[in-house]
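Trainee: The following block contains the structure, expressed as structure tokens.
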Amino acid sequence: MIKLEDDFVNNGGKFKKVRIGDLFEVSTGSQVAAKSLKDGIIYRVSAKSDNNGIIGTYNTENIKSARHFNNFISVNFFGNCFYHPYKASVEMKVHVLKLSNYDFNKGSGIYIASSINRLLKGKYGYGNQLSSTKLKNEDFFIELPFKNDEICFEYMEKYIEELEAERIEELEAYLQVTGLSDYNITEKEKEVLDTYVSAYKNSKAAQNRTIKTYNSKELFGNATRGKRLKSSDRITGNLPFITAGESKAGISGYISNGVQIFDSNTITIDMFGSAKYRNFEYGADDHVAVIDTSKYSLEVGLFLTTAYNKSANTGIFSYAKNFYATDADALMLSLPTSENNTPDYELMCQLIKVVEKQCIKEVIEYSRLKLEIAKKIIGK
């Protein structure tokens, strides 16, 4: 990376600060009623801060109020920025950045989005939202490479290529040290996974009692919730404090206030219905429901979290309609069932371990392919 920058500067390149409002065409998404969203193939970008803001794929091309953009950078009202190399509809309170005389590619899109993220991320929230007017008119400057008085997109592309190569090499080393490079799935594990997937897809699975729907309250008791603690009243400390939102997995900061401490290995569901597994002790505000799954293993907790997320994070809950602990009590969860007609927690554990191996296998195979390509590109 240092050599790349040195070569760039030695050959006449410079890094200059440019104002966002002068560089980009700034647009904003639009509001679409949740009931109008039908499953389809068009990505929808929301104000959430995980998964690049994507909440799903919908058939929005026939919705007049929907606004669509292709190959763009989004900035939500929290200041979180993402590059989208595809066509998507965009929610209200999500701003769209495009260049009038240039189409982003992967390298330049990620480079610029990262530059904007470093500038804006974490500086805005519910009480101080980033509007399109602020984005256009305020003095927000990012530093970009220039050559011959023009933005050097070629440098951005090479920078991202080399950065990817470095990270892939680090990943290879990490997997070797931790022993995770052994990702081969045994025949027994494959049989377990195939049986479950087949049962889940089978419309008669419920009748066969392979998978059954359970009520959250009946399995884990009443959900609880935290208490409101204003930002101004929080005292810096070591206890993670969970609030609504996807950025940093909902951890808004670390406190030392005398709040209720929730056990590790529990599940939180925020006001939008987004479920997350917590393998650490934490505090939480009143927009967070807590499910006590502390007696189960990490693998079971992760499986249950996906079940909660599938049941609660459906787009129904929003700023206008918050998810509460009472909503958690009413959730129905589709879970594998044992022969005695109770949740099969052992199978859940096995399934997560198999999925982990599958994910590691895909990462390793992808990383090795990218590493070989990167070596050829940068001449190693």
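The values are calculated or read from the model by the stated rules, or taken from the named source; none is laboratory data. Treat the numbers as computed from the prediction; the structure is a model and nothing was measured. All Cβ positions, glycine included, derive from the backbone under ideal geometry; neighbour counts span all protein chains shown.
Trainee: Criterion first (surrounded by fewer than 17 Cβ atoms within 10 Å (Cβ to Cβ) and either in the same structural domain as Ala113 (by the TED database) or under 21 Å from Lys136 (Cβ atoms) (or both)) does Val26 satisfy it?
Mentor: No, not satisfied.
Trainee: Right, another one. Answer yes or no as to whether Ile142 is of a type in the set (Val, Ile, Thr), surrounded by fewer than 18 Cβ atoms within 10 Å (Cβ to Cβ) and not in a helix (DSSP H, G or I).
Mentor: No.
Trainee: Only one of these is more than 29 Å from Asn117 (Cα to Cα) and either touching a His at 6+ places or on another chain (Cβ under 9 Å) or among the β-branched types (Val, Ile, Thr) (or both): Thr314, Thr293, Thr306. Name it.
Mentor: From the options Thr314, Thr293, Thr306, the qualifying one is Thr293.
Trainee: Please pick out the residue among Ser89, Ser74 that is touching a Leu at 6+ places or on another chain (Cβ under 8 Å), in a strand (DSSP E or B) and either of a type in the set (Ser, Thr, Tyr) or modelled with pLDDT under 90 (or both).
Mentor: None of the other options fit; the residue is Ser74.
Trainee: In this structure, is Ile267 in contact with a Ser or Thr (Cβ under 6 Å, 6 or more places away or on another chain) and modelled with pLDDT of 95 or more?
Mentor: Here the answer is yes, as Ile267 does meet what is asked.
Trainee: Now for a different question. Kindly provide the set of residues from the range 146-202 that are surrounded by 11 or more Cβ atoms within 10 Å (Cβ to Cβ), β-branched (Val, Ile, Thr) and either modelled with pLDDT under 85 or assigned to a helix (DSSP H, G or I) (or both), ordered by number.
Mentor: Ile160, Ile168, Ile185, Val192, Thr195, Val197
Trainee: Restricting to the range 242-291, what's the tally of residues that are of a type in the set (Asp, Glu) and in contact with an Asp or Glu (Cβ under 7 Å, 6 or more places away or on another chain)?
Mentor: 3
Trainee: Among the residues of the range 255-278, are any over 20 Å from Thr306 (Cβ atoms), in contact with a helix residue (DSSP H, G or I) (Cβ under 9 Å, 6 or more places away or on another chain) and either part of a loop (DSSP other than H, G, I, E, B) or not aliphatic (A, V, I, L, M) (or both)?
Mentor: Scanning the range 255-278, I find at least one residue that is over 20 Å from Thr306 (Cβ atoms), in contact with a helix residue (DSSP H, G or I) (Cβ under 9 Å, 6 or more places away or on another chain) and either part of a loop (DSSP other than H, G, I, E, B) or not aliphatic (A, V, I, L, M) (or both), so the answer is yes.
Conditions (1) among the polar types (S, T, N, Q); (2) surrounded by 15 or more Cβ atoms within 10 Å (Cβ to Cβ); (3) assigned to a strand (DSSP E or B); (4) in the same structural domain as Lys134 (by the TED database), marked per residue:
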| site | (1), (2), (3), (4) |
| --- | --- |
| Phe15 | no, no, yes, yes |
| Lys35 | no, no, no, yes |
| Tyr43 | no, yes, yes, yes |
| Thr60 | yes, yes, no, yes |
| Ala66 | no, yes, no, yes |
| Phe82 | no, yes, yes, yes |
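Trainee: For Asp22, state whether it is at pLDDT 90 or above, part of a helix (DSSP H, G or I) and either more than 18 Å from the chain's Cα centre (by Cα) or within 22 Å of Asn309 (Cβ to Cβ) (or both).
Mentor: When the stated conditions are applied, Asp22 passes them.
Trainee: Would you check if there is a residue in the range 316-326 being crowded, with 18+ Cβ neighbours inside 10 Å, of a type outside the set (Gly, Ala, Ser) and touching a Phe, Trp or Tyr at 6+ places or on another chain (Cβ under 6 Å)?
Mentor: Within the range 316-326, one or more residues are crowded, with 18+ Cβ neighbours inside 10 Å, of a type outside the set (Gly, Ala, Ser) and touching a Phe, Trp or Tyr at 6+ places or on another chain (Cβ under 6 Å).
Trainee: Hey, another quick one. Against the condition surrounded by 20 or more Cβ atoms within 10 Å (Cβ to Cβ) and out of contact with any Lys or Arg (no Cβ under 9 Å at 6 or more places or on another chain), how does Thr243 come out, does it pass?
Mentor: The answer is yes for Thr243.
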